[in-house]
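Trainee: Here you go, one structure.
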Amino acid sequence: MPLRPLLFLFALGLGACDAPKHGLTPTPPPTIAKAQASNQDLAPAAMALPLRQVTRLTGGLKPEESGRWIVAIHGLGDTPENFQNLSQGANFKARWFFPAAPHARDWYGGARGGDGEKLERNLELAAAIVAQYLEHLSADPKNEGLPIVTGFSQGGMLSYALVALYPERVSAALPIAGMLPPSLWQKIGAAGRPAPPISAFHGRSDQVIPFAATETELLRLQAAGYPAQLTALDNVAHRIPEPLHRAWQAALALQLARH
């Protein structure tokens, strides 16, 4: 099997068992109690809307005001209640939505192991659910324009996947420590489709979702003229330390000012 699919299986098999480190107590990873759930497709009933969510307002935006909006997707084992803390310190006006994975804090429904097709299919199914969630939120007149999507680990993968599969639903993507299977990377920037910009963040020392594979694909997109950039952080593993957090919030502010 080629190296990139192997890396993708490795990343999906491990997921992001740690909540992002940002002066917080990490949420412990979930226990997948039923072995038979492994490598199964996501059950539609388990993935039905509405997703549980946490919302926050920053920059002085009032509840009755309309404004730009951000959808931030947590990783494996995390919760919206914990992940929402990444909005702390944001001085720009925005309405934030933090959806909860509907399957035991896992966006992929417990899929593990070596069956790449099922793992990839569950990523695509989860992206479809989040795209439907975005459409649902878009109906609220207080949410102006298209959302910025962002996320960590599984949430970073879903941010990329939304650009690949549903580019008309997002204005920009800011994935943190994410990647895609090769087949989905190839869909980004397809002719005749919207091209929401990607501003990605990844630690060079990440051993859960290796940096090199993501860097290779983003460089390929840049060479093809796609609006993609990568902020690489030295000596950063699969975490969100303060320097990454500051750079990520600055990039969010820049994207909000552009749209």
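Trainee: Sorting Ser138, Ser159 on the 10 Å Cβ count, fewest up front, what's the list?
Mentor: So the ranking, lowest neighbour count to highest, is Ser138, Ser159.
Trainee: Quick one: which residues, 5+ away or cross-chain, put their amide H under 5 Å from the amide H of Ala228? H built at 1.01 Å from N.
Mentor: Hits under the 5 Å cutoff: Ile198.
Trainee: Where the centroid of each part is defined by its Cα atoms, how far is the range 188-253 from the range 124-148 in Å?
Mentor: The range 188-253 and the range 124-148 have Cα centres separated by 22 Å.
Trainee: Where does each of Ile209, Ile198 land when they are ranked from fewest to most other beta-carbon atoms within 10 angstrom?
Mentor: The fewest-first ordering by Cβ neighbours comes to Ile198, Ile209.
Trainee: Can you sort Tyr160, Tyr133, Tyr226 so the residue with the fewest Cβ neighbours within 10 Å comes first?
Mentor: Sorted ascending by nearby Cβ count, the order is Tyr226, Tyr133, Tyr160.
Trainee: Can you compute 3J(HN,Hα) from phi for each residue in the range 143-155, using the Karplus curve 6.51 cos²θ - 1.76 cosθ + 1.60 with θ = phi - 60°, rounded to whole Hz and x for Gly and Pro?
Mentor: So the Karplus estimates, Gly and Pro as x, are 8, 7, x, 8, x, 8, 10, 8, x, 10, 6, 3, x Hz.
Trainee: Output ³J(HN,Hα) for the range 54-61: one whole-Hz value per residue in order, computed from phi by the Karplus curve 6.51 cos²θ - 1.76 cosθ + 1.60 with θ = phi - 60°, and x for Gly and Pro.
Mentor: 10, 10, 9, 10, 10, x, x, 5
Trainee: Quick one: if you stick a label point 7 Å off each Cα along the C-beta vector at Ala237 and Ser66, how many nm between them?
Mentor: A separation of 4.7 nm, rounded to one decimal place.
Trainee: Now for a separate question. For Ile73, which sequence-distant residues (separation of 5 or more, or a different chain) have an amide H within less than 5 Å of its own amide H, given hydrogens modelled in the peptide plane?
Mentor: Thr150, Gly151, Phe152
Trainee: Can you give the FRET efficiency for Ala195 and Glu81, using 1/(1 + (r/R0)^6), R0 = 41 Å, r = Cβ-Cβ distance, to the nearest 0.05?
Mentor: 0.75
Trainee: Between Gln88 and Thr216, what is the label-point separation in nm under the 7 Å Cα-to-beta-carbon projection?
Mentor: 3.8
Trainee: Among the aspartates and glutamates, which have Cα under 15 Å from the Cα of Lys187 when same-chain residues fewer than 8 positions away are ignored?
Mentor: Glu120, Glu124, Glu168, Glu217
Trainee: Now for a separate question. Each residue of the range 78-90 in order: what ³J(HN,Hα) in whole Hz does its phi give by Karplus 6.51 cos²θ - 1.76 cosθ + 1.60, θ = phi - 60°, with x for Gly and Pro?
Mentor: Those phi angles translate into 9, 9, x, 4, 7, 5, 4, 5, 5, 7, 4, x, 6 Hz.
Values in this text are rule-based calculations from the coordinates and carry no lab data. Every value quoted in this text rests on a predicted model; they were computed, and no experiment measured them. Using ideal geometry, Cβ is built from the backbone for each residue, glycine included, and neighbour counts are taken over all protein chains shown.
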